[in-house]
Structure formats: structure tokens, C-alpha cells
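Q: I am attaching a structure below and will ask some questions about it afterwards.
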Amino acid sequence: MSQITTADITKLRQLTGAGLMDCKNALKEAEGNIEKAIEIIRKKGQAVAMKRADRETSEGKVVALVSADKRFGVMTALSCETDFVAKNEGFIQLAELIAKTALENKPKTIDELKSIKVNGISINDMIMEKVAAIGERMDIPYYEFIEAEHVFSYIHLGSKIGSLAGFNKIVTDEQVGKDIVMQIAAMNPVAIDKDDVPEEIIQKEIEIGKEQARQEGKPENMLEKIAMGKLNKFFNESTLLNQEFIKDNKITVRQYLQNIDKDLKVIKIKRCSLVL
């Protein structure tokens with residue numbers, strides 16, 4: 001059996017972030033082979049993740065990045081179980097590396113993002129190594145990207161909420177773009193305008209409106225009309241352009257943009273939240 005040296009254990013800890021005893025035991029099992037020991041630690045991470053599959057991962061870090069030319073933006077989230085881990089420097093570095101990798105490689109899906117290798121190690125294996133080292137379930141629950149003529153990003157609430165917005169043209173006053181992504185993060189619109197709201201959401205809101213009116217004792221022949229009134233209120237509160245502008249509630253976001261530039265349009269929005 002190969003002798004396990006302190007240098008080997010130190011090297012394995014640097015490569016994986018795993019604990020001292022985990023590295024020592026993995027090296028013993030691998031008979032001193034560093035590559036095999038790394039694989040053992042990754043498998044241990046997968047085992048930990050499976051055992052803790054029912055645990056909530058509502059903590060973590062959301063990262064949003066925009067390319068140098070401002071035309072491509074990504075937003076990723078790395079989740080974990082506790083705030084203590086979310087503040088761990090190694091966890092933060094991994095969350096930022098995942099977002100940077102997404103920005104550089106432009107994957108289409110989370111699975112594609114997880115499969116990308118950085119210095120020979122896939123993002124998924126990096127996460128499993130961190131799971132093995134820390135003992136908490138972790139995952140990438142969210143990944144989105146936007147391509148547009150001008151993209152803005154915003155991170156809020158201790159990196160637990162993020163937003164992206166894409167515009168149809170260059171925004172000459174960057175504060176305008178910042179205001180819009182801040183609005184998205186704060187007010188959580190379901191769509192840009194009422195015509196963009198998915199039909200299933202519209203039907204659900206109509207049914208909710210009818211049931212509320214019914215519970216209030218309204219006559220059956222009035223339920224549809226009342227529900228449509230509630231639906232219009234929903235559009236005003238839940239679609240970006242029709243919401244009250246958070247910096248001036250006397251105008252809507254649509255009016256704010258038109259006051260800046262009548263041709264300026266928000267064409268894509270994304271929002272991510274780890275807050276339950």
C-alpha cells in the first residue's frame with residue numbers, strides 16, 4: 001500500500017476543498033492515487049446530495065453578468081441549505097465561476113452549463129466536490145440569458161435576487177437601464193406588457209377573481225365582469241410597463257420610458273429569486 005504523505009493530503013485539499021480526514025481517507029482508498037482520490041470525493045458528494053435530496057436549498061448566491069459589449073447577459077444561482085455556507089468564500093467563488101463560465105460559453109440549458117469543463121473539471125463535478133467538502137446539498141436551480149442591443153443586470157437583497165433586462169437599442173443614459181432592472185427585481189413582473197402574459201396565467205386570474213366575488217356574495221351573472229376588472233388590476237400590478245414606477249409612483253414604467261425616449265423598448269426580462 002502506498003504511503004500517504006502530508007503533501008498528498010494538502011494537494012488533495014487544495015484541489016477539492018474537502019476536509020482533512022476526507023482527503024486522507026480518500027487517498028487511502030485510492031492507494032495514494034490523486035486522480036482516483038478526487039473521483040472518490042466527487043462520488044461522496046453525489047451520495048451526500050442524494051441523502052439530502054429532500055432538504056430545502058433556499059440559501060445561496062445569485063450572480064448576474066453582462067458581456068463587455070453589453071449585448072449578452074447571464075444570470076445563475078448556486079443554492080445551498082444554510083446562510084452560513086452561502087457566505088463561505090469557497091462557495092461564493094464557485095458561484096461566480098459558474099456565472100463567468102456561462103457568460104463565456106453561452107450554454108442553452110442548466111445541464112449544458114453543468115457539463116462545461118474548466119481546467120479539466122466539469123461544473124457539475126466542482127459542485128459535487130464542494131458538497132463532499134461541506135456536507136450540504138447544492139445545485140444550480142436557475143440559469144437564464146438575454147441577448148439584445150443593450151443588456152443590464154442588477155443584484156439585490158444580499159445576492160438572493162437578481163434581474164436582467166434587454167433593450168431594443170443602446171440606452172444612452174445608463175441610469176435608465178439600471179432603473180428598469182431595479183424595478184424588475186423589486187416588483188417581480190410576470191411579463192413586460194399585458195399581451196405578453198401567458199394564457200394559463202390569465203385564465204387562472206379570471207377564475208380566482210370569480211371565486212373571490214362568489215365568496216363575497218356577488219350575483220352569478222356579475223362574476224365575469226367583476227373578474228375582468230380584477231384581471232385589469234392584475235395587469236397593472238404585475239406587468240412591467242403598467243406598474244407604478246418605483247422611483248415616482250405618479251407615473252407608470254411605460255410613461256417613464258416614453259419620457260426618456262419614445263422609441264426605447266424593453267424587449268426581454270428575467271428575474272431570479274432564492275427567497276421563499
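Read-outs throughout are calculated quantities, based only on the coordinates presented, and are distinct from any laboratory measurement. Fair warning: this is a prediction, and the values are worked out from it, not measured in the lab. Here the Cβ positions follow ideal geometry from the backbone for every residue, glycine too, while neighbour counts run over all protein chains shown.
Q: Could you list Met228, Met126 so that the one with the fewest beta carbons within 10 Å of its beta carbon is first and the one with the most is last?
A: Values: Met228 14, Met126 23.
Sorted ascending by nearby Cβ count, the order is Met228, Met126.
Q: What is the local net charge at Leu223, summed over the other residues whose Cβ is closer than 12 Å to its Cβ (Lys, Arg +1; Asp, Glu -1)? Intermediate results must be reported in sequence, preceding the final value.
A: Values: positive: Lys210, Arg214, Lys218, Lys225, Lys230; negative: Glu207, Glu211, Glu216, Glu220, Glu224.
Taking every other residue near Leu223 into account, the sum is 0.
Q: Taking the mean number of other Cβ atoms within 10 Å as a proxy for protection, how do you rank 28-38, 197-207, 178-188 from highest to lowest?
A: Numbers: 28-38: 16.0, 197-207: 12.9, 178-188: 20.5.
Descending packing order for the listed peptides: 178-188, 28-38, 197-207.
Q: For each of Thr82, Thr109, count neighbouring Cβ atoms within 10 Å of the residue's Cβ, then give the residues from fewest to most. Kindly include the intermediate steps, with their values, before the conclusion.
A: Numbers: Thr82 16, Thr109 9.
Fewest-to-most ranking of Thr82, Thr109: Thr109, Thr82.
Q: Any idea which of Leu240, Ser79, Thr5 is furthest toward the positive side of the dipole for the chain, if Lys and Arg beta-carbons carry +1 and Asp and Glu beta-carbons -1?
A: Positive-most Cα among the choices belongs to Thr5.
Q: What ranking do Ile41, Ile123, Ile116 get, fewest neighbouring Cβ atoms within 10 angstrom at the top?
A: Working: Ile41 29, Ile123 25, Ile116 16.
Listed from fewest to most nearby Cβ atoms, that is Ile116, Ile123, Ile41.
Q: Give me the dipole magnitude in Debye, nearest 20, for the range 59-147 about the Cα centre, with unit charges on the beta carbon: positive for Lys and Arg, negative for Asp and Glu. Mind dumping the intermediate values first?
A: Values: 11 positive and 15 negative charges, 54 e Å.
Its charge dipole is roughly 260 debye.
Q: Another question about this same structure. For the chain, find the longest principal axis of its Cα atoms and tell me its angle to the long axis of helix 174-187, 0 to 90°, nearest 10.
A: Helix 174-187 and the main axis of the chain meet at about 90 degrees.
Q: Count the DSSP beta bridges whose two residues both fall in the chain, then state the antiparallel fraction as a percent rounded to the nearest 5.
A: Among the beta bridges of the chain, antiparallel pairing accounts for roughly 95 percent.
Q: Near Glu147, within a Cβ-to-Cβ distance under 10 Å, what is the net charge of the other residues, with Lys and Arg +1 and Asp and Glu -1?
A: Every neighbour counted, the sum reads +2.
Q: In units of 2.2 N^0.38 Å, what is the alpha-carbon radius of gyration of the chain?
A: After normalising by residue count via 2.2 N^0.38 Å, the value is 1.28.
Q: What's the local net charge at Ser238, with K and R +1, D and E -1, over the other residues with C-beta under 10 Å away? Show your work: numbers first, answer last.
A: Working: positive: Lys194, Lys233; negative: Glu205, Glu237.
Local net charge: 0.
Q: Would you work out the relative contact order for the chain, in percent, from Cα pairs under 8 angstrom that are 6 or more residues apart? Don't skip to the answer; put the middle values down first.
A: Working: 494 pairs, mean separation 52.7, N = 276.
Here the relative contact order equals 19 percent.
Q: Continuing with this model, one more query. Taking the Cα centre of the chain as origin and charging only Cβ (+1 Lys, Arg; -1 Asp, Glu), how large is the dipole, in debye to the nearest 20?
A: Values: 41 positive and 43 negative charges, 69 e Å.
Rounded to the nearest 20 debye, it is 340 debye.
Q: Between 0 and 90 degrees, rounded to the nearest ten: what's the tilt of helix 223-238 against the longest Cα principal axis of the chain?
A: 50
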